[in-house]
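**Student:** Here it is, the structure in full.
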2 protein chains.
Amino acid sequence: MAKMTPRKQASRLSIDDRTADILAAAREVISVKGYENVLVADIARQAGIVEGTIYRYFENKRDLLVKVAEVWFNEQLAVDSQLPMIHGTQNKLRHIAARTLQIIKSEPVLSRFMLMELRPDPNYRSTAFFEMNRRFTRETLQVCKDAIASGEFHADVSPALVRDMLHGCIEHRTWAFLRGEGDFSIDEISDGIATVVYRGMATQPASTDNAARIDAAVARLEAVATRLGGPSAA
Amino acid sequence: MAKMTPRKQASRLSIDDRTADILAAAREVISVKGYENVLVADIARQAGIVEGTIYRYFENKRDLLVKVAEVWFNEQLAVDSQLPMIHGTQNKLRHIAARTLQIIKSEPVLSRFMLMELRPDPNYRSTAFFEMNRRFTRETLQVCKDAIASGEFHADVSPALVRDMLHGCIEHRTWAFLRGEGDFSIDEISDGIATVVYRGMATQPASTDNAARIDAAVARLEAVATRLGGPSAA
DNA sequence: TTTGAAAGATGAATTGCATTCATTAGTCAA
DNA sequence: TTGACTAATGAATGCAATTCATCTTTCAAA
């Protein structure tokens, strides 16, 4: 049915190479035009091929865009492995928050795509994206669970809720940035989140009130001990 | 240019009536098919008119959908006026959280539309939606500011961040629901959020537990020490 | 060095929408 | 009753995504 006006074809590549080419082209186009304005034709042109060819490698446009995000997401997951080295629950929370904000700041367009298009789509519920997303927030959950297990955190609020507070706050704060409403300070936000979550969950108040109380109590005990042991007690 | 095969026309209405009709029809169709699958033709059919007519009342499809959401949003805002009656910062926070969750639970499809389509779109940055959204989160901001002003909350974390934690958490928790991943408990979530935020921000630890615990421990140690050292110890 | 599948690449045609606009038909004031 | 005003109409258009019959390359076997 279709009559052809044949021209030179693009060089033939292995499936993997061509796929990688298209993904790279798509990523480039997305980062330039914003994913909402990307046309399949743009991506094809950037990849040096023709629209129809893309459909030999991807189900459809959305499938392609999802795969672009997945490549990027895997990159980000591979980068950070510092968390186990960090000590202290509050420091861990701060680190997680700061790292997420860093990612969003470095790739706003892809972040926007992720938050807008991938997260809510029920058709992609079972794809790698959700696995990755889960992996991504699982750490936070684990930090909370550990802190509860050790008695550092109250057990009266579910760890999942704490995780949602942390990641939800980051997202909410991020939207303003993605909408172009000015910049944000990674340190300020990650400090704030970690502070509120930590103080809100900690069984031992970090406040100086209690420090003073403890110091006073120790002093009284020292007085008793001194009396018991004689004047030599330090 | 266009040749007509004229049929009976829909009855003529005032601009306001026809607009309201279309909005109602759109809302009905959205709630049945999910807004992602709505066709202009569906809405027209539901309203008993023809596609072209819609464009006499709305700029385009998106404009129409936005207006649907705005109507709904105004309804919700009009419903709740209890906040000023509620006493106690923690109770206010809980009330705000619970109310938002209630809205989302009662109209999941419209909530989804709001979160997905309205919030991120830069083309609608200046519409009434953003005004309403602002109004909606402003309360939370005010509650925090008041608590800081009265010395009830620490001033070391910005009220805006606290607001983001509350609303961000709700959103994050809500996505699972909107994706169809089971139900959620309004009470559990709003309690949890209010608890963590309150404890995380309060200058006075809410629990006398630790103070009492420390005092009791010291008293016991003092008793032991006294027993050891003789009756003369205070 | 041919040759002939097999598989990749092509782009014209198709599809599925939203959107436009020339035309038709109610409505109502004069 | 009329005519002018304006709402309603739906065929035509526009614009992307997507399909698929056809063309090209590649490469192993003869």
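**Student:** At R0 = 56 Å, how high is the FRET efficiency between A:Ile86 and B:Glu28 if r is their beta carbon distance? Nearest 0.05 is fine. Mind dumping the intermediate values first?
**Tutor:** Values: r = 52 Å, r/R0 = 0.94.
Once rounded, the FRET efficiency stands at 0.60.
**Student:** For the full complex of protein chains and a 1.4 angstrom probe, list B:Leu101, B:Leu228, B:Leu221, A:Leu221 by accessible area with the highest value first.
**Tutor:** On the way: B:Leu101 0, B:Leu228 135, B:Leu221 90, A:Leu221 45 Å².
Sorted descending by solvent-accessible area, the residues read B:Leu228, B:Leu221, A:Leu221, B:Leu101.
**Student:** If I model a spin label at B:Ala176 and B:Gln9 as a point 7 Å from the Cα along the Cα→Cβ vector, what separation in nanometres do I get?
**Tutor:** Output for this residue pair reads 5.5 nm.
**Student:** Give the nm distances, rounded to one decimal, from A:Phe184 to the matching residue in every other copy, measuring between label points 7 Å along Cα toward the beta carbon; shortest first.
**Tutor:** 1.8
**Student:** Let me ask another. If amide hydrogens are placed 1.01 Å from N in the peptide plane, which non-local residues have theirs closer than 5 Å to the one on A:Ala202?
**Tutor:** For A:Ala202, whose amide H was placed from the backbone, the distant partners under 5 Å are A:His154.
**Student:** Moving on to the next point. Per residue of the range B:166-172, what does 6.51 cos²θ - 1.76 cosθ + 1.60 with θ = phi - 60° give for ³J(HN,Hα)? Whole Hz please, x for Gly and Pro, Karplus curve as stated.
**Tutor:** So the Karplus estimates, Gly and Pro as x, are 5, 6, x, 4, 4, 4, 4 Hz.
**Student:** Shifting gears a bit: What percent of all Cα-Cα pairs in the range A:61-203 falls into each 5 Å bin, going from 0 up to the bin containing the maximum distance?
**Tutor:** Over the range A:61-203, the share of Cα pairs per 5 Å bin runs 2, 9, 19, 21, 20, 15, 9, 4, 1, 0, 0 percent.
**Student:** With all distinct Cα pairs included, what does the Kirkwood hydrodynamic radius of the range A:1-99 come out to in Å, to one decimal, could you say? Before the final figure, lay out each step's value.
**Tutor:** Numbers: mean 1/r = 0.0625 Å⁻¹.
Answer for the range A:1-99: a Kirkwood hydrodynamic radius of 16.0 Å.
**Student:** Next question. What does the convex hull of the Cα atoms of the range A:142-189 come to per residue, in Å³, rounded to a whole number? Could you put the intermediate results ahead of the total?
**Tutor:** Working: hull volume 3.9 nm³, N = 48.
With only Cα atoms used, the range A:142-189 gives 82 Å³ per residue.
**Student:** In Å², nearest 100, what accessible area do chains B and A bury in total when the solvent probe is 1.4 Å?
**Tutor:** Adding both sides of the contact gives about 4500 Å².
**Student:** Per residue, how much accessible area does the range B:1-116 show when a 1.4 Å probe rolls over the protein heavy atoms, in square angstrom? Numbers along the way, then the final one.
**Tutor:** Numbers: 6800 Å² over 116 residues.
Per-residue accessible area for the range B:1-116 comes out at 59 Å².
**Student:** Tell me the distances, shortest first, between A:Glu51 and the same position across the other copies, using label points 7 Å along Cα→Cβ, in nm to one decimal.
**Tutor:** Relative to the other copies, A:Glu51 has label-point distances of 1.9 nm.
**Student:** Order A:Thr100, A:Thr53 by their accessible area, 1.4 angstrom probe, all chains in place, largest first. Intermediate results must be reported in sequence, preceding the final value.
**Tutor:** Working: A:Thr100 15, A:Thr53 35 Å².
Per-residue accessible area, sorted high to low, gives A:Thr53, A:Thr100.
**Student:** OK, next. Less than 10 Å Cβ to Cβ from B:Glu107, Lys/Arg counted +1 and Asp/Glu -1: what total charge do the surrounding residues give? All intermediate terms of the calculation are to be shown ahead of the outcome.
**Tutor:** On the way: positive: B:Arg27, B:Lys105, B:Arg112; negative: B:Glu75.
The answer is +2.
**Student:** Based on the Cβ-Cβ distance from B:Ala223 to B:Val109, what FRET efficiency comes out when R0 is 45 Å, to the nearest 0.05? Before the final figure, lay out each step's value.
**Tutor:** On the way: r = 65 Å, r/R0 = 1.44.
The computed FRET efficiency comes out at 0.10.
**Student:** Roll a 1.4 angstrom probe over the protein heavy atoms and tell me the percent of accessible area of the range B:46-90 that is carbon or sulfur.
**Tutor:** Working: 1320 of 2630 Å².
Summing carbon and sulfur atoms, their accessible area is 50 percent of the total for the range B:46-90.
The values are calculated or read from the model by the stated rules, or taken from the named source; none is laboratory data. Computed from a prediction, not measured in an experiment: that's the story for all the values here. In this analysis, Cβ positions are derived from the backbone assuming ideal geometry, glycine residues included, and neighbour counts consider all displayed protein chains. Quick note on the areas: whole protein, heavy atoms, side chains included, nothing else; ligands and nucleic acids left out. Shrake-Rupley method; radii C 1.70, N 1.55, O 1.52, S 1.80 Å.
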